[in-house]
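Notes follow once the structure below has been shown.
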Ligand SMILES: Cc1cc2nc3c(=O)[nH]c(=O)nc-3n(C[C@H](O)[C@H](O)[C@H](O)COP(=O)(O)OP(=O)(O)OC[C@H]3O[C@@H](n4cnc5c(N)ncnc54)[C@H](O)[C@@H]3O)c2cc1C
Ligand code: SF4
Ligand code: SF4
Ligand code: SF4
Ligand code: SF4
């Protein structure tokens, strides 16, 4: 039996954000008349220290057992007010929020109507609050180790940071070496530093690190569990390939957090047949040019090129190919390689054809200036096609600044290919139920606020698997992912969602529909009893199972039918 | 007047959804006539976007567009740049400001159902002595002959050859006879929307009443509009697609030999616009004796012959640098003796170019159907 409700209601002005449109005084007066309400107040900023103090103070002195705050979105400040309530001695799950900003003052103009709507929302929140049950927050222990999938610079840096913090790291790489794409590069922008001067040292540090076990030629075949308690099975890629390093494989790895660092693919320009890639030896990709610059051999058909052309945005910013995004590195790569070609072949003429020049990073614009200074010509126009003329190729393009179409003859054409998601990402996504954005890269939990988190707790993203980026951005993200992964590892425990689903075994028919619908794999049919049981650690409280269950056997705590119906009735009866 | 045009330009931008255009220039860069004429489709899109197309009415180069749709196929932002030209043309059509030869072609279609203005009764003259079944009696396949295939003397030879091939394969096909009317593909591309709508309204029921399972066209142009703009209740194939099937099914047997070096020119309406690149080549390669060679600019990168979009009836603003001249030279350079085509417009443009360029001794332009007929 629930204690008789004693509800405190707090209406926030949000400066003028709410108060300018909603008559907060009228809402407060109205709230005071509602059943169970012991006190109703309004204040300029409820989220401020004094605002929170109001709640704590009232809770203690008036013996409140429910709190309602009418303010902004719960996404913003629910945690703030939950802890304020808790500090005042109210169970944090007996707190309810009415959103009278986003759902009211920000979207309405008429003061009278907005005030009425705010009252309705407060009424509904009070009705729900009266029926809220106290819930208990629990914690689960964490396995103090991490798994890093992918051994490019992103994976390397994430592994090193976690290992340096004192935790064991398992680094799984599918190829026979660490370093990823960067291992194939020659020099890097914006300082033209040779990769050989920094990458081998990083790789060496990984291999010697007492806390890091490297699994080369390996992939992750299965992952089960949840934040703090994952279990991953690693198997060799292909047959007959023994792991070059690391401990014997087979026994599953126990880890508390996972960093995904599986990187990208370069775009295959055969998908743009107008460039004749694969047909003409004169047409190469920027990745191939890295190899040639490294070896110093730039000759085409045995001859030193005199006319060199770069074509940007090949396979990027292209809706026809389903790649609407900018690959973010190819402008800088072109500027880098164009400079290096000018250095290697001082007699050559180098022309970069572009739609836009996006050298936005730190020292990027200066790097672009430098490219022009050393004689690289930039002409605006998206190349339309390439064909053969004698032992040269013709680049057909409009110089849009001149408004003139050219047939520009060239000996070497470099396609600045964009970044594609890796096809293998599909397997990883399936293993962890990780969502991906429309372009195929892994989706971060929030585009601004949670850039390295995923929808799955304890799984973090680093590097180009999340979207195209250069090495500095890759490393910054890897470091962010490592420190996020360290949070559960260092705390040693993870909080568990209290508002979880519960199955009533008396009502459950064992149909298994909840097992199918749950995006987090939380419910499972008990092999002995044939009824469903929800693993409270996995359950996120989304409620999908509760509405799916044909026997109405599932109750989602904090969103029970009588709580929701009371809320609805308040609004409908308004 | 100017206000009018600007208003119209703005509406055009909205109507054609040009707002994704980033002025990259890929359209103009690939436009076959952009180097030889004043036509710049990118800048026309820009004009429409900012609501400022100064006096397009007086721009004769609007009629230079061949409607090859290279610009449409290449645009990275899924804009359909050539549609701007078509829309601007329709403004000119409304005002009657059309080159006289194009006006005559449109009049011919309106009066006689063909752009050449020949009598409707003569549409079947090519059939003489061939006994083609009237489609009205019912048939599995409706054979649709392009106006050129029906009236143009050179193209007629290809049409006759195709009928002989189909008869040899023993397939059931019929023809609409003198009821057959211009498909209107070029009419729409010339911007004569009223006439085009009339052709569709009258043509669609006529074609569908036959009850055929499929239609086979001699020209990629007819195929294009029947497929995409008529929305007919039957499959529409280009004849090379059907020939490949008949060869595969063993219904068409080629016992003769054609000991020739052959190259092939991709029609824009078949290749670039409809992705049919392989079938014509497969047919050619199936002809015993043929040594097939390729030019450099093929498939998606094929050079336009300049016969589409109404250019059959309009010389263009640049009469010197015809692309067909360049094309036949490319064909000759491969060492081919025969330049195979699969479109009556390509036939006309390239055949003429071979003569002008004095290549007749070395190179002969032939329709694929003619080569197949030689191998029967
Ligand atoms: C031609 C070119 C030149 C460039 N030049 C520069 C430059 O000068 N400066 C600069 O800052 N950036 C440059 N870049 C960008 C740079 O390559 C990337 O920023 C960087 O490689 C991103 O690192 P990553 O670790 O995220 O991905 P990757 O380098 O792709 O590494 C991913 C690793 O994960 C492994 N992997 C993938 N899937 C799995 C799986 N399922 N299981 C196990 N392992 C897996 C891969 O084998 C690979 O080793 C260039 C890129 C190109 C194409
Ligand atoms: S970084 Fe530059 S070249 Fe690469 S897709 Fe973006 S704009 Fe194009
Ligand atoms: S509430 Fe959502 S997360 Fe929890 S068991 Fe049901 S479906 Fe799964
Ligand atoms: S190709 Fe497309 S995006 Fe580029 S200028 Fe032409 S219409 Fe605009
Ligand atoms: S349709 Fe062809 S000729 Fe016309 S503008 Fe486009 S590319 Fe040029």
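The values are calculated or read from the model by the stated rules, or taken from the named source; none is laboratory data. Remember, it's a predicted structure, so these values are computed and weren't measured experimentally. So basically every Cβ, Gly included, is an ideal-geometry build from the backbone, and we count neighbours across all protein chains shown.
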Worksheet item: Residues in the range B:10-28 that are under 18 Å from residue A:316 (Cα atoms) and either more than 10 Å from every other protein chain (Cβ to nearest Cβ) or in contact with a helix residue (DSSP H, G or I) (Cβ under 9 Å, 6 or more places away or on another chain) (or both): how many?
Response: 6
Worksheet item: How about the range A:89-111: which of its residues are within 19 Å of residue A:28 (Cβ to Cβ) and without any contact (Cβ under 8 Å) to a residue 40 or more places away in the chain?
Response: A:95, A:96, A:97, A:98, A:99, A:103
Practice prompt. Identify the single condition in (1) touching a helix residue (DSSP H, G or I) at 6+ places or on another chain (Cβ under 7 Å); (2) without any contact (Cβ under 8 Å) to a residue 60 or more places away in the chain; (3) assigned to a helix (DSSP H, G or I); (4) not assigned by TED's automatic domain parsing to the domain that holds residue B:227 that residue B:107 does not satisfy, given that it satisfies every other one.
Written response: (1)
Worksheet item: Taking the range B:19-40 only, how many residues are surrounded by fewer than 21 Cβ atoms within 10 Å (Cβ to Cβ) and not in a loop (DSSP other than H, G, I, E, B)?
Response: 2
Worksheet, complete the sentence: Scanning the range A:470-510 residue by residue, those within 16 Å of ligand 1 (Cβ to nearest atom) and surrounded by fewer than 21 Cβ atoms within 10 Å (Cβ to Cβ) turn out to be A:470, A:472, A:473, A:475, A:476, A:479, A:480
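Wholly within the range A:57-148, which strands (runs of 3 or more DSSP E) include no fewer than the required count, namely at least 1 residues that are in contact with a helix residue (DSSP H, G or I) (Cβ under 6 Å, 6 or more places away or on another chain)? Step through it out loud before you land on a result.
Numbers: elements: A:66-71, A:95-99, A:138-141.
Ranges flagged: A:66-71, A:95-99.
Conditions (1) crowded, with 19+ Cβ neighbours inside 10 Å; (2) in contact with a helix residue (DSSP H, G or I) (Cβ under 8 Å, 6 or more places away or on another chain); (3) over 18 Å from residue B:185 (Cα atoms), marked per residue:
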{"residue": "B:102", "(1), (2), (3)": "yes, yes, no"}
{"residue": "B:122", "(1), (2), (3)": "no, yes, yes"}
{"residue": "B:128", "(1), (2), (3)": "no, no, yes"}
{"residue": "B:144", "(1), (2), (3)": "yes, yes, no"}
{"residue": "B:149", "(1), (2), (3)": "yes, yes, no"}
{"residue": "B:152", "(1), (2), (3)": "yes, yes, no"}
Worksheet item: Taking residue A:341 and the conditions (1) within 14 Å of another protein chain (Cβ to nearest Cβ); (2) surrounded by 19 or more Cβ atoms within 10 Å (Cβ to Cβ), which numbered condition does it fall short on, given that it satisfies the others?
Response: (1)
Discussion item. Just the residues that are surrounded by fewer than 23 Cβ atoms within 10 Å (Cβ to Cβ) and in contact with a helix residue (DSSP H, G or I) (Cβ under 7 Å, 6 or more places away or on another chain), please, taken from the range B:214-233.
Written reply: B:229, B:230, B:232, B:233
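Tell me, please, whether a residue that is on the phi > 0 side of the Ramachandran plot and either at pLDDT below 95 or part of a loop (DSSP other than H, G, I, E, B) (or both) can be found in the range A:173-180.
Applying the first criterion (on the phi > 0 side of the Ramachandran plot) to the range A:173-180 yields A:179-180.
From the residues that got through so far, the ones that are either at pLDDT below 95 or part of a loop (DSSP other than H, G, I, E, B) (or both) too are none.
There is no residue in the range A:173-180 that is on the phi > 0 side of the Ramachandran plot and either at pLDDT below 95 or part of a loop (DSSP other than H, G, I, E, B) (or both).
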Practice prompt. Any chance you could count how many residues in the range A:306-327 are in contact with a helix residue (DSSP H, G or I) (Cβ under 8 Å, 6 or more places away or on another chain) and more than 14 Å from chain B (Cβ to nearest Cβ)?
Written response: 2
Response to the item:
Going through the range A:412-458 in order, the residues found to be closer than 30 Å to residue B:41 by Cβ and away from ligand 2 (no atom under 16 Å from the Cβ) are A:412, A:438
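Just to be sure, is residue A:412 in contact with a helix residue (DSSP H, G or I) (Cβ under 9 Å, 6 or more places away or on another chain), away from every other protein chain (no Cβ under 14 Å) and either closer than 25 Å to residue A:320 by Cα or touching a residue at least 60 places away in the same chain (Cβ under 8 Å) (or both)?
Values: in contact with a helix residue (DSSP H, G or I) (Cβ under 9 Å, 6 or more places away or on another chain): yes; away from every other protein chain (no Cβ under 14 Å): yes; either closer than 25 Å to residue A:320 by Cα or touching a residue at least 60 places away in the same chain (Cβ under 8 Å) (or both): yes.
Criteria met by residue A:412.
Residues that are closer than 29 Å to residue A:421 by Cα and modelled with pLDDT of 95 or more: which strands (runs of 3 or more DSSP E) entirely in the range A:283-392 hold 3 or more of them? Step through it out loud before you land on a result.
Working: elements: A:283-285, A:307-314, A:349-354, A:377-380, A:385-389.
It comes to A:283-285, A:307-314, A:349-354.
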Worksheet item: When you scan the range B:30-72, how many residues do you find that are within 8 Å of chain A (Cβ to nearest Cβ), in contact (Cβ under 8 Å) with a residue 40 or more places away in the chain and over 19 Å from residue B:314 (Cα atoms)?
Response: 2
